[in-house]
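Undergrad: Supplied in C-alpha cells, the structure appears directly below.
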Amino acid sequence: MAGKRKTNPAGSTNSYRSDVLRVLGVLKVATADQIQRISTPHLSFRHADKPIPSKRKQARTASHTGALSEMRKHGLSENGGSTDTGDSLRNLTTKGLETASWELRRPATEMGSTARGGGLVRGFPPDGRQRDGDRTAAPEAGPGQARR
C-alpha cells in the first residue's frame, strides 16, 4: 500500500486536518470557506466549471468540511453557530486547542482559551469588504498622541 494516500471515513486527509488545526488554533472561529481560503489560497479558483457559485464553494470546501466532521467525531472541534449568510462557524474544543498547540509548535499555555460566542468582526463580512454603514468612529486621542 506504499504510495497511496490514507484518507479518513469523511474523505479528509491528515494534511487537511492539520490545516484546520493551524487556522483554528490562531483564529479561534472560522467557516470552512475561510479555512480553505487561508490554508490553500491557490485552490480558490478550483471547480470553476460548476454552474452555480454555491456548488463551486461546496466542491472547493468539501475536503476541509470533511476534516472538520472527522475532528468533531474525535472531540477536537465543534460547531459554533452560523454567520449572517448561513455558513457554519467552527471552533476548537479544549482538546482541539492542545492538538493545535502541537501542530503550531507553541506551548499550550500560549494558545489562549476556546472561543465562546465568537463571531465575525463587525464591518468585515466573509468576503473581506467593508460595508459603508459599519464604520465605527476612531477613538479619541490620548495624552501625547496626535489625532488622525
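Undergrad: Taking the stretch 70-115 as the region of interest, how many residues are within 15 Å of Thr31 (Cα to Cα) and either open to solvent by 30 Å² or more (accessible area, probe 1.4 Å) or among the basic types (Lys, Arg) (or both)? It would help to see each step written out before you state the result.
TA: Going residue by residue through the stretch 70-115, those that are within 15 Å of Thr31 (Cα to Cα) are 71-72, 77-92, 115.
Next, from what is left, pick out any that are either open to solvent by 30 Å² or more (accessible area, probe 1.4 Å) or among the basic types (Lys, Arg) (or both): 72, 78-82, 84-88, 90.
Adding up the residues that qualify gives 12.
Undergrad: Would you check which residues across the stretch 43-71 are charged (D, E, K, R) and modelled with pLDDT under 80 and list them?
TA: Matches in the stretch 43-71: Arg46, Asp49, Lys50.
Undergrad: Additional query: Being within 17 Å of Thr13 (Cα to Cα) and touching a Ser or Thr at 6+ places or on another chain (Cβ under 7 Å) is the requirement here; does Met71 meet it?
TA: So Met71 fits the description; yes.
Undergrad: So which residues in the stretch 50-63 are assigned to a loop (DSSP other than H, G, I, E, B) and either charged (D, E, K, R) or touching a strand residue (DSSP E or B) at 6+ places or on another chain (Cβ under 8 Å) (or both), if there are any at all?
TA: Lys50
Undergrad: Determine which member of the set Gly86, Gly66, Gly96, Gly80 is small (Gly, Ala, Ser), part of a strand (DSSP E or B) and more than 15 Å from Arg37 (Cβ to Cβ).
TA: Going through Gly86, Gly66, Gly96, Gly80 in turn, just one is small (Gly, Ala, Ser), part of a strand (DSSP E or B) and more than 15 Å from Arg37 (Cβ to Cβ): Gly80.
Undergrad: Turning to a different aspect of this structure: Go through (1) modelled with pLDDT of 90 or more; (2) outside any helix (DSSP H, G or I); (3) of a type outside the set (D, E, K, R); (4) buried (at least 16 other Cβ atoms within 10 Å of the Cβ) and name the single condition Val23 misses.
TA: All conditions pass for Val23, except number (2).
Undergrad: Give Gly123, Gly133 a once-over and let me know the one that is out of contact with any Leu (no Cβ under 7 Å at 6 or more places or on another chain) and either at pLDDT 90 or above or open to solvent by 50 Å² or more (accessible area, probe 1.4 Å) (or both).
TA: Gly133
Undergrad: Right, next: Quick one: is Ser77 at pLDDT below 90 and among the small types (Gly, Ala, Ser)?
TA: Working: at pLDDT below 90: no; among the small types (Gly, Ala, Ser): yes.
It is false that Ser77 is at pLDDT below 90 and among the small types (Gly, Ala, Ser).
Undergrad: Got a number for residues in the stretch 35-49 being part of a helix (DSSP H, G or I) and under 13 Å from the mean Cα position of the chain (by Cα)?
TA: Total meeting the criteria: 6.
The values are calculated or read from the model by the stated rules, or taken from the named source; none is laboratory data. None of the values given here were measured: they were computed from a predicted structure. Because the Cβ atoms are built from the backbone with ideal geometry, glycine has one as well, and the counts that use them run over all protein chains shown. In case anyone asks, the SASA skips ligands and DNA or RNA and just uses the protein heavy atoms, side chains included. Shrake-Rupley method; radii C 1.70, N 1.55, O 1.52, S 1.80 Å.
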